[in-house]
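What follows is a short report on a single structure.
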Amino acid sequence: MKKFLNKIPSSQITSEAEYLSRRNFIKKAAIWTAGAALITSCTNNQTPTTIPNNSSSPIEKDELGSPVTSYKDITEYTNYYEFSEDKSSPSRLAKYLKVDPWIIKVDGLVNNPKTYDVSDLKKKFEIQERIYRHRCVEGWSMVIPWLGFQLNELIKESAPTSDAKFIRFETLLDPIQMPNQSNGLYPWPYVEGLRIDEAMNDFTLLATGIYGKDLTPQNGAPIRLIVPWKYGFKSIKALVHIELVTDMPTSFWMKVVPDVYGFYSNVNPALTYPLLPQSTERRIGETTRRKTLLFNGYSNQVSNLYQGMDLTTNF
Ligand SMILES: Nc1nc2c(c(=O)[nH]1)N[C@H]1C(S)=C(S)[C@@H](COP(=O)(O)O)O[C@H]1N2
Ligand SMILES: [Mo]
């Protein structure tokens, strides 16, 4: 199944209709329902000639029945502080970020430290499509069709030692290419972290694509983390370093606003961030607000990671 699907060259795809019908076929053939989410195998070549450009496809939905957000909204309404602190500028300012070649280092408490070029990672691991909800702590959300592979595949290959308890992630530091990194107000580079069992969860993704093609620079090209049950800021963009460590890493936002943003940052409607009530959200493209779901609707898949933990003190 996997081999066959991976052999479909996307050069065969000549129209949006064909693109969508191929995806339908793939879905019927390869739906993997780990719990609730829809996860489908996909070809490794991420460059179909045509993509649905300005409307969300009537076919693509998350497992709760919500349509995917339009390609335009996903790629033009972005948070990327290395470029700008508004939402619309990164699509313009990140355009010339050099994303190929791109080296990413996996090291720290591992028996097999290694540097990879992202193009090799894309060949090495099975690229899947994952339609995930994305909830920003600011109170907006989207449904995004990512392409990527499971982080646990890369971590397994690194062979962590028994001392490895957390994973620390780092974005590229390059103030020439990322102009707002010259802004001395922030502790660059952007850093994030996960507990090792969170990182090993099958839902944790390293995304390399969006809407069936390569990730756009403003969305974190060429490779970013996606942790769909946590606030969007955990999903760190433009990764250059993955380090296995013993101690809980201090993230970018924990440094910037201590006591407000915690390490876990699981989506939780009961949280009350100052000025940012979490009980509802605005789905981009919709007019009325909707209720925010605990763990962003992924409780079945991840609540076991937090058994016995008080989620309001471990925020
Ligand atoms: N390096 C880096 N990663 C980042 C950010 C950032 O500013 N820099 N913003 C975060 C926030 S707040 C959100 S909501 C998501 C936005 O991802 P998107 O722009 O692809 O929707 O990226 C996260 N990852
Ligand atoms: Mo965010």
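Things worth noting here:
- Counted by Cβ distance under 12 Å from Leu194, the other residues give a net charge of +1, where Lys and Arg count +1 and Asp and Glu count -1.
- Hz values of 3J(HN,Hα) by residue in the range 97-102 - Karplus curve (6.51, -1.76, 1.60), Gly and Pro given as x: 4, 7, 9, 8, x, 9
- For Gly108, the residues 5 or more places off, or on other chains, whose built amide H falls under 5 Å of its own are Leu244.
- A Förster distance of 22 Å, applied to the separation of the beta-carbon atoms of Thr280 and Ile196, puts the FRET efficiency at 0.10.
- Cα centroid separation, the range 68-130 to the range 262-315: 25 Å.
- A straight Cα-to-Cα reach below 15 Å connects Lys230 with the aspartates and glutamates Glu138, Glu192, Asp197, Glu198, Asp202, Glu281, residues fewer than 8 places away in its own chain not being considered.
- Cross-link partners of Lys122 among aspartates and glutamates, defined as those whose alpha carbon lies under 13 angstrom from its own and excluding same-chain residues fewer than eight positions apart: Asp100, Glu153, Asp214.
- Relative contact order of the range 141-216, taken over Cα pairs closer than 8 Å and 6 or more residues apart, is 50 percent.
No value in this document is a laboratory result; all are computed from the given coordinates. Treat the numbers as computed from the prediction; the structure is a model and nothing was measured. Cβ: placed from backbone, ideal geometry, glycine included. Neighbour counts: every protein chain shown.
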